[in-house]
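Coordinate-derived values only; no laboratory data. This one's a predicted model, so the numbers in the text were calculated from it and none came from an experiment. Here Cβ is always computed from backbone atoms with ideal geometry, including for glycine, and neighbour counts include all displayed protein chains.
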Amino acid sequence: MILDRILALFHPDSTPAPLPEPDAHLALAALLVRVAKSDGVYRTEEIARIDRILAQREGINPVEAAKLRATAEKIEAAAPDTPAFARLIRDATGYEDRLRVARALWQVSLADGITRAEEERVVNIVDDVLGLSEHDAQEARMLASHDMTSAPEGGA
């Protein structure tokens, strides 16, 4: 597995616990976690937003969403390459879905009410790898901002 080989580079003396090979779904979950953690503080508002996004996108219940997030947290911590996750999503999804991914990433970034440069940098890297136009990337951010101000806790 690709992930096992990547992990072996960082832990040559130990065998990491097997993690599932990232697909587009796990890659998105890991990117959501990465955005939330990128400022060095992983807030409960961000975790809750990630769980809601995953539940809605995957059609799963809150417990399953939390389990998916927990797996994504392990993958995110073990694999430092943000563009690789974004490429998995780009290669597996159409442009419209990639726009929804960018919007979801901005929702997580904005979940705590604070826009941090570190979070913005990660989302901008992903937008670029996803192949989004600058206009569409800005629109995704604007829509996410609108989602956060107009939607009660259920919106994703």
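The slack in the chain from Thr149 to Ala48, taken as 0.36 nm per residue of separation less the alpha-carbon distance, amounts to 34.8 nm. With a Förster radius of 22 Å applied to the beta-carbon distance between Ala77 and Val41, the computed FRET efficiency rounds to 0.90. With N the number of residues in the range 90-156, Rg(Cα) / (2.2 N^0.38 Å) evaluates to 1.06. Couplings 3J(HN,Hα) for the range 85-100, derived from phi with the Karplus relation 6.51 cos²θ - 1.76 cosθ + 1.60 (θ = phi - 60°), are 4, 5, 5, 4, 5, 4, 6, 9, 9, x, 4, 4, 5, 5, 5, 5 Hz, where x marks Gly and Pro. P(r) tail, the range 47-133: Cα-Cα pairs separated by more than 17 Å, 53% of all pairs. Sorting Asp136, Asp81, Asp128 by the number of Cβ atoms found within 10 Å of their own Cβ, with the fewest placed first, yields Asp81, Asp128, Asp136.
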